[in-house]
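Everything below concerns the one structure shown next.
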Amino acid sequence: MMSHFIKTIKINSFRGIRSLQLDDIQQINILTGDNNSGKTSVLEILENFGKSDDVWAWESLLRIENRTPVPWGSSVYDGFYNLFDIDSDNKIVEYSISTLNETVTVALKAKIVEEELTEAEYSYVTGVSYNYSGEEKEVDNSILYPVTKMELETSINGTVCDTIEVYEGQRRYRIGRANRKISEPKIIYVSPTRHAEGNLYLSEILNNPELYEELLAVLKEYDEDIISINYDNDDNITSGRGVYKILSRTHKRALPLNVYGDGMKKAVLLMSAVIKAQNGVLLLDEFETAIHTSAMDRTFKWILETCRKLNVQVFMTSHSKEAIDKVLKCSPSSLKNMVVFTLYKDDIGSSVRRLSGEKAIEAQDDMGLELR
């Protein structure tokens with residue numbers, strides 16, 4: 001078993017979560033609950049674990065729709081601000097994660113102050129140096145503007161690791177950031193819509209003949225005539241970037257994976273992510289998205305059993321009763337390694353119900369308990 005196997009997650013404060021604790025975590029963990037109960041937030045905390053000594057590593061959690069330096073869209077300041085409890089004046093994100101070896105407590109604190117900047121300074125930090133006509137605007141540095149600034153610091157086990165300043169309206173990340181640390185343990189996060197971006201981990205599968213054959217067998221649920229998947233660079237000699245193509249008896253020539261339906265792309269993404277996460281942690285947010293119910297059994301069975309084979313600890317979120325039922329029943333040999341956490345919001349914060357895989361099936365089938 002990997003030394004970074006996560007046993008307990010305790011979130012004291014993060015977004016809308018106050019005092020949530022998940023205990024006795026297993027290798028396969030299903031997180032369910034109503035919308036806004038905190039399922040995705042738990043995955044975000046796990047994604048941050050291991051790289052939180054760099055304040056800018058929190059940027060993957062900011063949920064910023066528009067990151068370009070233009071006078072519209074969400075700002076970096078807004079993204080950081082929304083990490084904190086909006087109803088609390090004490091701006092802090094704090095969580096603890098216990099593994100087999102240690103307990104690590106991480107905190108991100110913010111102090112909001114006012115500062116005066118010249119127009120040139122403000123244009124630099126916000127990334128806005130053009131007027132609405134698109135022409136470079138002239139600046140008047142004789143005038144000082146009051147600007148709200150957020151002073152951020154991140155700490156691990158009480159020791160401050162990094163500090164930065166972010167200004168209201170700032171749309172640029174810190175320029176020249178290099179040598180970003182790689183997360184330890186290895187943590188792979190898959191969002192509900194990532195398959196639509198075409199960002200896969202297929203190279204890991206193509207370099208593993210045994211798992212490649214297993215992948216093709218599962219993909220017959222989506223195209224029964226599939227023959228192979230290959231990386232083709234012939235059509236993109238100038239750019240140096242190739243595409244993944246699927247050869248099928250249905251078509252006269254191999255077609256790019258991106259022309260296939262979302263179900264095929266999502267299945268390939270999930271399965272390749274399992275390989276990428278070997279000896280690490282895999283985070284699957286709304287794992288059932290785009291997977292047709294007829295293909296769920298075989299796809300989910302492969303994911304669970306391969307996670308066990310490759311020493312991957314997996315956290316899966318869903319609010320689909322059918323998908324949860326499929327995961328619980330698709331691989332009987334995985335059931336003893338499985339647990340279901342149902343998250344709830346209450347008056348004092350957040351609460352959780354934990355059921356083992358066996359108890360979850362019993363509660364759902366025999367007692368009619370709603371796992372969600």
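The values are calculated or read from the model by the stated rules, or taken from the named source; none is laboratory data. Predicted model only: the values in this text are computed from it and were never measured. With ideal geometry, Cβ positions are generated from the backbone for all residues, glycine too; neighbour counts draw on all protein chains shown.
A few comments on the model shown:
- Among residues of the stretch 223-270 being within 30 Å of the chain's Cα centre (by Cα) and among the hydroxyl-bearing types (Ser, Thr, Tyr), the one that is modelled with the highest pLDDT is Ser228.
- Selected residue (criterion: farthest from the chain's Cα centre (by Cα)) from residues of the stretch 96-118 that are surrounded by fewer than 13 Cβ atoms within 10 Å (Cβ to Cβ) and not aliphatic (A, V, I, L, M): Glu116
- Residue that is surrounded by the fewest Cβ atoms within 10 Å (Cβ to Cβ), among those in the stretch 268-323 that are of a type in the set (Gly, Ala, Ser) and out of contact with any Lys or Arg (no Cβ under 7 Å at 6 or more places or on another chain): Ser294
- Single residue of Ala290, Ala295 found to be in the same structural domain as Thr32 (by TED's automatic domain parsing), touching a helix residue (DSSP H, G or I) at 6+ places or on another chain (Cβ under 9 Å), among the hydrophobic types (A, V, I, L, M, F, W, C) and not in a helix (DSSP H, G or I): Ala290
- Lone qualifier among Leu202, Leu216 - being at pLDDT 85 or above and either closer than 30 Å to Gln278 by Cα or more than 25 Å from the chain's Cα centre (by Cα) (or both): Leu216
- Residue that is modelled with the lowest pLDDT, among those in the stretch 46-56 that are of a type outside the set (D, E, K, R) and either over 11 Å from Ile187 (Cα atoms) or in a loop (DSSP other than H, G, I, E, B) (or both): Gly50
- Residue in the stretch 321-332 that is at pLDDT below 95, farther than 25 Å from Ile291 by Cα and not in a strand (DSSP E or B) present: no
- Among the conditions (1) out of contact with any Ser or Thr (no Cβ under 7 Å at 6 or more places or on another chain); (2) farther than 30 Å from Gly50 by Cβ; (3) of a type outside the set (D, E, K, R); (4) buried (at least 17 other Cβ atoms within 10 Å of the Cβ), Gly242 misses just one, which is (4).
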